[in-house]
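First up is the structure itself, then whatever we jot down about it.
Just so it is clear, none of the values below were taken in a lab; they were calculated from the coordinates. Quick caveat: nothing in here was measured; it's all calculated off a predicted structure. So basically every Cβ, Gly included, is an ideal-geometry build from the backbone, and we count neighbours across all protein chains shown.
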Amino acid sequence: MVTTRFAPSPTGRLHVGNIRTALHNWMLAQNSGGDFILRIDDTDAERSREEYVDAIRADLKWLGLDWTREERQSTRLDAYQAAFEKLREAGRIYPAYETQQELELKRKVLLGRGLPPIYDRGALDLTDEQRAAKEAEGIKPHWRFKLDHDEALEWVDGVRGPTKFDAKLLSDPVIRRADGSWLYMLPSTVDDVDMGVTQVLRGEDHVSNTAVQIQMFTAMGAEPPAFAHEALLVGKEGKLSKRLGSLGCDAFREKGVEPEAIIALLSRLGTSLPVEPIADRAKLLETFDLGTFGRAPAKFDDAELERINTAIVHQMSFDVVKDRLPDGMDKAGWHAVQPNISTVGEVAEWWRLVTGPIEQPEFSDEDKAYLKLACETLVWGEDPWGALTSELKEATGRKGKQLFLPLRQALTGMNHGPDMGELLPLIGEAEARSRLLKAVG
Ligand code: GLU
């Protein structure tokens, strides 16, 4: 039984990188019929905001990434405290009293000597008296997790393959601040154990955290989950640009980007599979495989998203969009307009050509005579446009643009637009005649 989790901190809106991580965790769970937990990492009371929790939920719902359970770190402080005490008793957590400045100085000295800035474990050298003296001065300790330098830090990463760290080259991480508040590392591990998480899939920026957390799992007597770290998502020009990619779902929605376009793109971006406008999630799920994920950063390109979106919009059935269409727009209307739009919102613009009023250009006398003839020739049958244009072609010898453009301009006020064969029946006979007559003047 697979259990995955998406663990955002509610300190901001989800951006495309978070969405990708959420999606992949959702996909892993879907493919095995397992659980997908939404875990709100809100131990940072100062920066966490309820409005972001709501926005995260709303965004995931909009994307169709339904979670099976929701958990909140702020409700689990007792569990963290219990784990803390156990680990402390076992000698794996120790108090440290250095100030920020002292630590900074130590770092600088090491870096100046060309050495990695690893914490020197100075706090472990303190005698009981020295500690008592600090406490007497009113200095409260922060807390570090003591890495076991002899325990191998290895795992077979779902994306990166065999991965290894040397514990001696890592600093003992601070896990708790002097005010008692928690840093990310320990609560996350406690949650993964208690919530039965079997697969942790997250960004590459967490690789060294994994090394540390593996020791936390073993120190707590738990089997570590399977880990996979995906390469980060970057913008086309390097960093995630200030354009669509860095923005959240509100920006996507506003731009008319369909959730299915985001899902199709993010399912495969950075993998060896081709990015295709696949609107059927079952198909994307079928081919989803961590083994196809590349090690190089995945490049997110707004223009690619827009292309995928257009292709997805062109596949959408009337039933799927009908609630979002202008009043009176039926299936035939949708089909007439669909090839001309790149977002569903654009239908309104084209639908206006059917409902009117339209604004016609000035016509030359020659074209006026032509349009008069068109009005007389118009017969309302199966295919009024086909019949009208072939009659006019025969009668006038006009062809191409000369034949079609004045008609399109008179009937829609535009030089281009949806297929007239589909549009004319929607405009209707009476309205078509009245537009032609108005053009004649
Ligand atoms: N709250 C953490 C983050 O957003 C979660 C990381 C994790 O998946 O363990 O980076």
Notebook entry, point to check: Can you list the residues, at least 5 places off or on another chain, whose amide H is less than 5 Å from the amide H of G235, using H built in the peptide plane?
Noted result: L240, S241, F300
Margin query: Give me a comma-separated list of calculated 3J(HN,Hα) values for the stretch 179-192, in order, Karplus coefficients 6.51, -1.76, 1.60 applied at θ = phi - 60°, integers in Hz, x for any Gly or Pro.
Written below: 7, x, 6, 9, 8, 4, 4, 6, x, 4, 5, 4, 4, 4
Checklist line | Relative contact order (percent, whole number), the chain, Cα cutoff 8 Å, 6+ residue spacing | finding: 12 percent
Next item on the list: Per DSSP H run of at least 4 residues, take -39500 (n - 2.57); add these up for the chain, divide by its residues and hand me the 222 nm value, nearest 500 deg cm²/dmol.
Entry: -14000 deg cm²/dmol
Checklist line | Vicinal HN-Hα couplings computed from phi for the stretch 346-360 (Karplus, 6.51 cos²θ - 1.76 cosθ + 1.60; Hz; Gly/Pro x) | finding: 6, 4, 4, 4, 7, 5, 4, 5, 7, 7, x, x, 10, 10, 8
Notebook entry, point to check: Which listed residue (I427, L38, L87) has the Cα farthest towards the positive end of the charge dipole for the chain, taking +1 on Lys and Arg C-beta and -1 on Asp and Glu C-beta about the Cα centre?
Noted result: L87
Check: Of A7, A226, T163, whose Cα points farthest to the positive end of the dipole of the chain (charges on the beta-carbon: +1 Lys, Arg; -1 Asp, Glu; origin at the Cα centre)?
Finding: T163
Notebook entry, point to check: If amide H atoms are built 1.01 Å from N in the plane of the peptide, which residues on other chains or at least 5 residues away come under 5 Å of the amide H of L153?
Noted result: F165, A167
Note to self: Around D179, under 13 Å between beta carbons, what's the net of Lys plus Arg minus Asp minus Glu among the other residues?
What the structure shows: +1
Notebook entry, point to check: Helix 207-219 versus the longest principal axis of the chain: what is the Cα-based angle in degrees, 0 to 90, to the nearest 10?
Noted result: 50 degrees
Check: Relative to the longest principal Cα axis of the chain, at what angle does helix 16-32 sit, 0 to 90 degrees, rounded to 10?
Finding: 90 degrees
Next item on the list: Would you mind working out the magnitude of the charge dipole of the stretch 147-210 relative to its Cα centre, with +1 at each Lys and Arg C-beta and -1 at each Asp and Glu C-beta, to the nearest 20 Debye?
Entry: 160 debye
Next item on the list: Starting from the stretch 5-51, pick out the GluC sites (Glu not before Pro) whose DSSP state is loop and whose Cβ has at most 15 other Cβ atoms within 10 Å.
Entry: E46
Check: For the pair S272 and L115, how long in nm is the line joining their label points, each one 7 Å along Cα→Cβ?
Finding: 4.4 nm
Checklist line | Rounded to 10°, Cα long-axis angle of helix 384-396 versus longest principal axis of the chain | finding: 50 degrees
Next item on the list: Between T271, T389, T198, find the one with the highest GNM mean-square fluctuation for the chain; connect C-alpha pairs within less than 10 Å.
Entry: T389
Next item on the list: May I ask what percent, to the nearest 5, of DSSP beta bridges between residues of the chain are antiparallel?
Entry: 45 percent
Notebook entry, point to check: Assigning unit charges at the beta carbon (Lys, Arg +1; Asp, Glu -1) and nothing else, what dipole magnitude in debye, to the nearest 20, does the chain show about its Cα centre?
Noted result: 840 debye
Item checked: Translational diffusion coefficient (Stokes-Einstein; Kirkwood radius from C-alpha pairs) of the stretch 395-440 at 37 °C, 0.692 mPa s, in µm²/s -> 297 µm²/s
Next item on the list: Per residue of the stretch 247-261, in order, report the coupling 6.51 cos²θ - 1.76 cosθ + 1.60 (Karplus, θ = phi - 60°) as ³J(HN,Hα) in whole Hz, putting x for Gly and Pro.
Entry: 8, x, 4, 4, 5, 4, 4, 4, 7, x, 7, 7, x, 5, 6
Check: Given springs between every Cα pair under 10 Å in a Gaussian network model of the chain, which of H416, H24, H229 has the largest fluctuation?
Finding: H416
Next item on the list: Return the long-range amide H neighbours of R5 (sequence gap of 5 or more, or a different chain), with a cut-off of under 5 Å between placed amide H atoms.
Entry: I37, L201
Check: For the chain, modelled as a GNM with alpha-carbon contacts under 10 angstrom, which of L126, L170, L247 fluctuates the most?
Finding: L126
